[in-house]
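A.B. asks: One structure follows; several queries about it will come next.
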Amino acid sequence: MDRKTNELLNGIPEQADYAAEAGELDPEDIPQERMSAVLGLLINSDDEAVRFQAAKLLTSWGVVEGLLALEESMERPAFIKDFYIHRLHGYDDTYRQILMAITMYFANMAGRGERDVARAQVFLPLSKIIEFAGDEPFEISDALAFVKRERYLEYIPLFKKYLRSIIDHPEIHRWKIYDAIEFLMEFEPDFVMSLLKEKNKTIEDFSLTLQR
């Protein structure tokens, strides 16, 4: 990746010391020329990795072209596999990175008064990520927080299925099980208690083994 491309995808202006990465920049710190240049990378770059990073960044900034491209990349899991690796545990963390970009997309759209539009747009990609997280070790705490904050009940059946898929595999999912239990206790406590009884478990069985 050349220096100019790297700066477009990763650069943070001096005045934006609140941002740890470019996807966290506020709209006022994203000049239109940079936005257009990143969109140009998405459309014209010969490097698939650059296009993927451009899609993720544009999604974080609330640009629909980025979201659509990011969804398309999820249809090619072999390409994005291991694009991001968890720095402590070494597993594929790419979908958590995509998840964060999508929740940022929603926040930016909501800030522009387009909350209902964004709600519909993010449902399918978030649903896919929740499904994938039932088999892979990456965490989805941002999705839990998003649904809890917005009270979007259309996601609850997905999380119930998710908990069922991970509860028997603490060696893979660790704290994710407790997080899902705690989340669903607010929305579907009868389901949680029934599932725990079925598995001959208690909430404490999972809370006591939390090691993040």
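The values are calculated or read from the model by the stated rules, or taken from the named source; none is laboratory data. Source: prediction; values computed, not measured. Cβ: placed from backbone, ideal geometry, glycine included. Neighbour counts: every protein chain shown.
A.B. asks: Cβ-Cβ distance below 7 Å, separation of 6 or more or different chains: which pairs start in region 57-80 with a residue that is in contact (Cβ under 8 Å) with a residue 24 or more places away in the chain and under 17 Å from Arg96 (Cβ atoms) and end on one that is assigned to a loop (DSSP other than H, G, I, E, B) and not hydrophobic (A, V, I, L, M, F, W, C)?
C.D. replies: none
A.B. asks: Those residues that are of a type in the set (A, V, I, L, M) and either over 20 Å from Val122 (Cα atoms) or surrounded by fewer than 16 Cβ atoms within 10 Å (Cβ to Cβ) (or both), I need them from region 40-65; list them, please.
C.D. replies: Our first condition is that a residue be of a type in the set (A, V, I, L, M); within region 40-65, this holds for 41-43, 49-50, 54-55, 57-58, 63-64.
Across region 40-65, the qualifying residues are Leu41, Ile43, Ala49, Val50, Val64.
A.B. asks: Could I ask something else about it? Mind telling me which of the residues Phe106, Phe83 ends up being under 16 Å from the mean Cα position of the chain (by Cα) and modelled with pLDDT under 95? Show your work before the answer.
C.D. replies: On the way: Phe106 fails: modelled with pLDDT under 95.
Testing whether each residue is under 16 Å from the mean Cα position of the chain (by Cα) and modelled with pLDDT under 95 leaves just Phe83.
Listed here are the residues, each with its yes/no results for (1) assigned by TED's automatic domain parsing to the domain that holds Phe79; (2) assigned to a helix (DSSP H, G or I).
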site	(1), (2)
Tyr95	yes, yes
Ala107	yes, yes
Phe123	yes, yes
Ile156	no, yes
Phe159	no, yes
Asp168	no, no
Ile177	no, yes
Phe191	no, yes
Leu196	no, yes
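A.B. asks: Of the numbered conditions (1) touching a residue at least 24 places away in the same chain (Cβ under 8 Å); (2) not assigned by TED's automatic domain parsing to the domain that holds Ser194, Gly113 satisfies every one except a single condition; which is it?
C.D. replies: For Gly113, the failing item is (1).
A.B. asks: Looking for whichever is within 17 Å of the chain's Cα centre (by Cα), within 21 Å of Ser207 (Cα to Cα) and of a type in the set (Val, Ile, Thr) here; the options are Ile181, Ile140, Ile166. Which one fits? Break it down into steps so the answer makes sense when it comes.
C.D. replies: Working: Ile181 fails: within 17 Å of the chain's Cα centre (by Cα); Ile166 fails: within 17 Å of the chain's Cα centre (by Cα).
Testing whether each residue is within 17 Å of the chain's Cα centre (by Cα), within 21 Å of Ser207 (Cα to Cα) and of a type in the set (Val, Ile, Thr) leaves just Ile140.
A.B. asks: Does region 2-23 contain any residue that is of a type in the set (Lys, Arg) and either crowded, with 16+ Cβ neighbours inside 10 Å or more than 20 Å from the chain's Cα centre (by Cα) (or both)? So that I can check it myself, show each step before the final result.
C.D. replies: Quick first cut of region 2-23, residues of a type in the set (Lys, Arg) only: 3-4.
After this cut, where a residue has to be either crowded, with 16+ Cβ neighbours inside 10 Å or more than 20 Å from the chain's Cα centre (by Cα) (or both) as well, the list is 3-4.
For region 2-23, residues of a type in the set (Lys, Arg) and either crowded, with 16+ Cβ neighbours inside 10 Å or more than 20 Å from the chain's Cα centre (by Cα) (or both): present.
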